[in-house]
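In what follows, a single structure is set out as structure tokens and then discussed.
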Amino acid sequence: MKLTFILLTLLSLNSFAQSINRQAVLKRHNIKVNQFDSLSSISLGNGNFAFTADATGMQSFPDAYANGVPLGTQSTWGWHSFPNTENLRIEETQKVYDLEGRKISYTVQLKEPERAKKAVEYFRVNPHRLQLGNIGMEITKKDATLVAVNDIKNIRQELDLWTGILTSSFTVEGVPVKVISFCHQQRDALGFSIESPLLQTGQIKIRLRIPFPNGQWKDVGNNMVKGNMQTSYFTPRSWSAVFSAAIDSANYSIYTSWEGKAQIQQKTDHYYLIVPGTGKQFNFTVLFIPHQIIPVPFKFQDDLKISSSQWKKFWTSGGAVDFSGTKDPRAFEIERRTVLSQYLTKIQCSSAYPPQETGLTYNSWYGKPHLEMHWWHAVHYAQWGRVELMEKSLDWYFSVAAKAYAIAKRQGFDGLRWQKMTDHNGDEAPSSVGAFLIWQQPHFIYMAELLYRAKPGKEVLNKYKDLLFATADFMASFPSYDAATGKYKLGKGLIPAQECFEAVQTFNPTYELAYWSWGLQMAQEWRKRLGLPREPKWDTIIQQLSPYPQKNGLYLAAENTPDCYQPGSRYLTDHPAVLGAYSSLPAVHGLDTIVMRQTLDTVWKVWQWKDTWGWDFPLTAMTAARLHLPEKAVDALLMPIKTNTYLVNGHNYQDERLTIYLPGNGGVLNAVAFMCTGGDADHTTNPGFPKQWKVKWEGLKKLF
């Protein structure tokens, strides 16, 4: 009888893990475009570098896409700062706050005196990520005038996800043009093949323009005004050219090579043309490099094969999900979002650095990453069996730890305090919200533990222990003791993940209490694995941390907001972070699942969902899945709200200002994987999907 039960259990567990035809899943969701639409541009990339193309397969009409999903060309290494001519100092942006009997210095957005205001502006703007160059076609009509958007007809464009090859076909005055585009998967390089009779008549030229950084919150790469910038070119061989750009102290080169004959023309400053010979086909490659060298030559067809094989390797590794067995039409859309989110996060977020929220397409927040979003950018890699992609950016914390230590020391805390709005060097940007956020702090522990689960052993423990323990040291020193309750409380002097709170008034937000408790307990577990004694101070906080604030059987957003669910409350907007206490996290710190279910029901009814962000819907779906409410999980994932829109290219649209938002894509992958696997406490498969759904998956890993 016992053997029969075991066999039946194994059969049940394997029923969802049938072999998946991964290429067929991808083919269902190849991106197809048949018109000019500023929100339908298609990005090609490799994680370190990305190039976004319009309907011509290149960047021929950047201004037409500037207000949609722009035609950006960005890299992890391309950064620039305007000269600091007034010798402004970051210390001029810091203000001391008296909080819970402690004087704490925060780097904030001071508005006076005037010099402090200038310092705030300078250090928010600088450094910023560069738009490296615009590569498009200039096509002339029979009357010698330049082709405009309306002259491009019969558009048929498709991105083959399996190979990473973009094929674009269209006509100009009835003459066909075909363009094949791809991004090299090992170098910051692009390959293009143009086939058209218009090449024979000299009506197609390749345009290279190098923009100047606009220094604004958003940089879409079409700023062609003159600045402190020099560009030049030389032709080391008859089939290649090197373009060099010097923007203040930033220098980089663009190496081009082609097959056959071509000439270089300079049209105006920073504006160049590659004029092909008179063949019917023109193949050329473009390499972006942060220095001036003559690289090893490479050819279009050879690199096309290499890059295609790299994409196949990616898609056949890690996890996969197949919804084709489900009749509910909503399943197709979830599958589409899942497939395209894997593609977009691979090309935009898989480098050795935490990405900005708009990846390598265009600048938001001046191109700077936000570490509280690193969870949403990276954790899904561990869930999808590609933990090595998460590990790459996790190792970045070693390079910025000294600056995190300095922040904690300046503020009078132990250990290190991880930055919020930062850059690749780990410098803080002034922010009156970001400086007070704390929920990025346990992320390092969370990701390190996921890495250990994927690769258990002393190697991972020994590599990350010092940073992990220092992370916990800050967490143990941050809470303040409340003699009236005999408990340690978080705050005052913080802003929760739900950012509509006043820092000097807020204390004991529910989600942060849960994350603090979980993080410190996990840090103690790491000490145990290493044969070390428990850290007494951490145990003190674990045992005496304030309980979750409640009222009327509901968990509150924070203890200082007892009426947060009342009509008209200002706390019904932004992220419903209270649900995070039982979303990415299991039940810790005495969490009552009945109370959480009632909280979810109330949030669902009263929240101003139109004022939320893309990752809020996956967050809610994961809470519903934890509570074994599969219908609600699906409804949350597909809630018909503008900020939960997923464009034809797979991007999560927020609004006119933020037209792409990669934390939403990462969140889709978090939620779908979790809805398939459940957490450690779940012993059934697909707990986040209705029982009648037939969802096959393989290679996925559980969260806690």
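The values are calculated or read from the model by the stated rules, or taken from the named source; none is laboratory data. As the structure is a prediction and not an experimental result, all values here were calculated from the model. Please note: Cβ atoms are built from the backbone with ideal geometry, for glycine as well, and neighbour counts cover all protein chains shown.
Observations on the structure shown:
- For beta carbons closer than 9 Å, sequence separation of 6+ or different chains, a first residue in the stretch 125-151 that is over 17 Å from residue 213 (Cα atoms) and a second that is surrounded by 15 or more Cβ atoms within 10 Å (Cβ to Cβ) and among the acidic types (Asp, Glu), the qualifying pairs are 136/54; 146/138; 147/138; 149/54.
- Top-ranked residue in the stretch 188-202 [being surrounded by 22 or more Cβ atoms within 10 Å (Cβ to Cβ) and in a loop (DSSP other than H, G, I, E, B); ranked as modelled with the highest pLDDT]: 196
- Within the stretch 610-633, considering residues that are among the aromatic types (Phe, Trp, Tyr) and either outside any helix (DSSP H, G or I) or over 22 Å from the mean Cα position of the chain (by Cα) (or both), the one surrounded by the most Cβ atoms within 10 Å (Cβ to Cβ): 615
- Single residue of the stretch 247-263 satisfying the filter (closer than 18 Å to residue 73 by Cβ and among the hydroxyl-bearing types (Ser, Thr, Tyr)) that is surrounded by the fewest Cβ atoms within 10 Å (Cβ to Cβ): 253
- Of all residues in the stretch 598-611, those that are under 19 Å from residue 653 (Cβ atoms) have Cβ atoms under 9 Å from Cβ atoms of residues that are part of a helix (DSSP H, G or I), 6 or more apart or on another chain, in 609/616; 609/617; 609/643; 609/644; 610/642; 610/643; 611/643.
- Note on the stretch 267-383: enclosed helices (runs of 4 or more DSSP H) holding 2 or more residues that are farther than 30 Å from residue 230 by Cβ and among the polar types (S, T, N, Q) are 300-315, 330-349.
- Residue within the stretch 308-323 that is over 27 Å from the mean Cα position of the chain (by Cα) and either more than 30 Å from residue 673 (Cα to Cα) or in contact (Cβ under 8 Å) with a residue 40 or more places away in the chain (or both) present: no
- Within the stretch 391-404, tally of residues that are farther than 17 Å from residue 370 by Cβ and under 19 Å from the mean Cα position of the chain (by Cα): 3
- Residue in the stretch 449-469 that is β-branched (Val, Ile, Thr) and either under 28 Å from residue 546 (Cα atoms) or assigned to a loop (DSSP other than H, G, I, E, B) (or both) present: no
- Test: residue in the stretch 536-545 that is in a loop (DSSP other than H, G, I, E, B) and not basic (Lys, Arg): no
- Any hit, the stretch 147-158, residues being more than 30 Å from residue 311 (Cα to Cα), small (Gly, Ala, Ser) and under 26 Å from the mean Cα position of the chain (by Cα): no
- Verdict on residue 400 being touching a residue at least 40 places away in the same chain (Cβ under 8 Å), part of a helix (DSSP H, G or I), out of contact with any Leu (no Cβ under 6 Å at 6 or more places or on another chain) and of a type in the set (A, V, I, L, M, F, W, C): no
- Residue satisfying all of: in the stretch 655-679; surrounded by 22 or more Cβ atoms within 10 Å (Cβ to Cβ) and in a loop (DSSP other than H, G, I, E, B); nearest to the chain's Cα centre (by Cα) among these: 661
- For the stretch 212-229, the criterion of being among the β-branched types (Val, Ile, Thr), in contact with a strand residue (DSSP E or B) (Cβ under 7 Å, 6 or more places away or on another chain) and on the phi < 0 side of the Ramachandran plot is met by no residue.
- The stretch 95-108, residues that are crowded, with 18+ Cβ neighbours inside 10 Å and either within 25 Å of the chain's Cα centre (by Cα) or without any contact (Cβ under 8 Å) to a residue 24 or more places away in the chain (or both): 107, 108
- Filter pass, residue 115 being modelled with pLDDT of 95 or more and within 25 Å of residue 272 (Cβ to Cβ): no
- Qualifying positions in the stretch 150-187 - at pLDDT below 95 and of a type in the set (D, E, K, R): 187
- In the stretch 22-79, residue surrounded by the fewest Cβ atoms within 10 Å (Cβ to Cβ) [restricted to those that are within 27 Å of residue 332 (Cα to Cα) and in contact with a Pro (Cβ under 8 Å, 6 or more places away or on another chain)]: 52
- Residue 599 meets the conditions (1) surrounded by fewer than 21 Cβ atoms within 10 Å (Cβ to Cβ); (2) of a type in the set (Ser, Thr, Tyr); (3) over 26 Å from the mean Cα position of the chain (by Cα) in every case but one. The failed one is (1).
- Some residue of the stretch 680-700 being touching a Lys or Arg at 6+ places or on another chain (Cβ under 8 Å), surrounded by 17 or more Cβ atoms within 10 Å (Cβ to Cβ) and touching a residue at least 60 places away in the same chain (Cβ under 8 Å): no
- Condition check for residue 159 on (1) among the aliphatic types (A, V, I, L, M); (2) surrounded by 14 or more Cβ atoms within 10 Å (Cβ to Cβ); (3) more than 30 Å from residue 177 (Cα to Cα): one failure, at (3).
Yes or no, residue by residue, for (1) over 27 Å from residue 104 (Cα atoms); (2) polar (S, T, N, Q):
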| site | (1), (2) |
| --- | --- |
| 496 | no, no |
| 501 | no, no |
| 515 | no, no |
| 537 | no, no |
| 549 | no, no |
| 555 | yes, no |
| 561 | no, yes |
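- Subset tally (residues that are surrounded by fewer than 21 Cβ atoms within 10 Å (Cβ to Cβ) and either of a type in the set (Gly, Ala, Ser) or in a helix (DSSP H, G or I) (or both)) for the stretch 474-491: 5
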